[in-house]
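Below: one structure, written as structure tokens.
The values are calculated or read from the model by the stated rules, or taken from the named source; none is laboratory data. Computed from a predicted structure; not experimentally measured. Cβ placement follows ideal geometry from the backbone for every residue including glycine, while neighbour counts extend to all protein chains displayed.
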Amino acid sequence: SYLLDPLVGDDGRMLDKKMDRYSYILCPQGINIGSRVVASREVAVDVKPGNAMTLRNMPIGTVVHNIEMSPGRGGQLCRSAGTSAQLLEKNEERKLALLRLTSKEIRYVSWNCLATVGSVSNPEHKNESLGKAGRNRWKGRRPHVRGVAMNPVDHPHGGGEGKSSGGRPSCSPWGQLAKGFRTVRRNKCSPLIVRRRYE
């Protein structure tokens, strides 16, 4: 079991009581400093925020986050602030679990995949105003130059006299459409996806 450590400004730091060392998890919504969380692949643990177990051991309807896409690979789905998925069904014949993601995509994953109960904390993160360009620079994000401010040799929107608009739909410097263009081909889509996010 793990104990959430009261380190100022770090929501996800834990103390492993057996190994006497610190490790990190994504901070789930609804746990506090001093909360104890448990992770197990073998046995079912209490269904409470922060506990991790395989999808086969979870009851249907459980809200989960930080979900593996293949067993042992580590969490890949529902890791950003405020996201979660819901367990809809467990297929015993195929040993798969059906999940509905935040994007409304419905897909199967192996029921031996590990997931954490609850949703990721800080759901208001998307509404945060950085206030100034410098806060982006602190995070290592460099300035983003608009295409219409470039020369025609550098971008499809470049050139023109004065403050001209792009003259064509929004696109990347290499011409790929930026709005509404689907980047996954239908014939290349995973057979484990039951409903795509844009349907």
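Points worth noting:
- In a residue-by-residue description of region 175-198, the property of being in contact with a Ser or Thr (Cβ under 8 Å, 6 or more places away or on another chain), touching a residue at least 60 places away in the same chain (Cβ under 8 Å) and either over 28 Å from residue 63 (Cβ atoms) or surrounded by 12 or more Cβ atoms within 10 Å (Cβ to Cβ) (or both) applies to at least one position.
The rows are residues; the columns are (1) among the acidic types (Asp, Glu); (2) more than 23 Å from residue 37 (Cα to Cα); (3) surrounded by fewer than 21 Cβ atoms within 10 Å (Cβ to Cβ); (4) outside the structural domain of residue 30 (by TED's automatic domain parsing).
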{"position": "60", "(1), (2), (3), (4)": "no, no, yes, no"}
{"position": "72", "(1), (2), (3), (4)": "no, no, yes, no"}
{"position": "90", "(1), (2), (3), (4)": "no, yes, yes, no"}
{"position": "96", "(1), (2), (3), (4)": "no, yes, yes, no"}
{"position": "104", "(1), (2), (3), (4)": "no, yes, yes, no"}
{"position": "109", "(1), (2), (3), (4)": "no, yes, no, no"}
{"position": "116", "(1), (2), (3), (4)": "no, no, no, no"}
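- Considering only residues in region 146-166 that are surrounded by 11 or more Cβ atoms within 10 Å (Cβ to Cβ) and over 34 Å from the mean Cα position of the chain (by Cα), the one that is modelled with the lowest pLDDT turns out to be 164.
- Contact map, region 37-56: first residue in contact (Cβ under 8 Å) with a residue 60 or more places away in the chain and farther than 14 Å from residue 111 by Cα, second residue among the hydroxyl-bearing types (Ser, Thr, Tyr) and not in a strand (DSSP E or B), Cβ cut-off under 8 Å, separation 6 or more or different chains; pairs are 47/62; 50/35.
- Exactly one residue out of 104, 139 is in contact (Cβ under 8 Å) with a residue 60 or more places away in the chain, out of contact with any Pro (no Cβ under 8 Å at 6 or more places or on another chain) and basic (Lys, Arg), and it is 104.
- Single residue of 117, 109 found to be out of contact with any helix residue (DSSP H, G or I) (no Cβ under 8 Å at 6 or more places or on another chain) and of a type in the set (Val, Ile, Thr): 117
- Residue list for region 32-47, restricted to those being in a strand (DSSP E or B) and over 11 Å from residue 117 (Cβ atoms): 36, 40
- Selection count, region 77-111, where residues are part of a loop (DSSP other than H, G, I, E, B), closer than 18 Å to residue 50 by Cα and either hydrophobic (A, V, I, L, M, F, W, C) or more than 18 Å from the chain's Cα centre (by Cα) (or both): 2
- Test: residue in region 141-164 that is in a loop (DSSP other than H, G, I, E, B) and touching a Leu at 6+ places or on another chain (Cβ under 8 Å): no
- Residue in region 130-152 that is in contact with a helix residue (DSSP H, G or I) (Cβ under 8 Å, 6 or more places away or on another chain) and on the phi > 0 side of the Ramachandran plot present: no
- Selection within region 48-76: residues that are touching a strand residue (DSSP E or B) at 6+ places or on another chain (Cβ under 7 Å) and part of a helix (DSSP H, G or I). The member of this set that is farthest from residue 116 (Cα to Cα) is 56.
- Checked against the criteria, residue 81 counts as closer than 21 Å to residue 23 by Cβ and touching a residue at least 24 places away in the same chain (Cβ under 8 Å).
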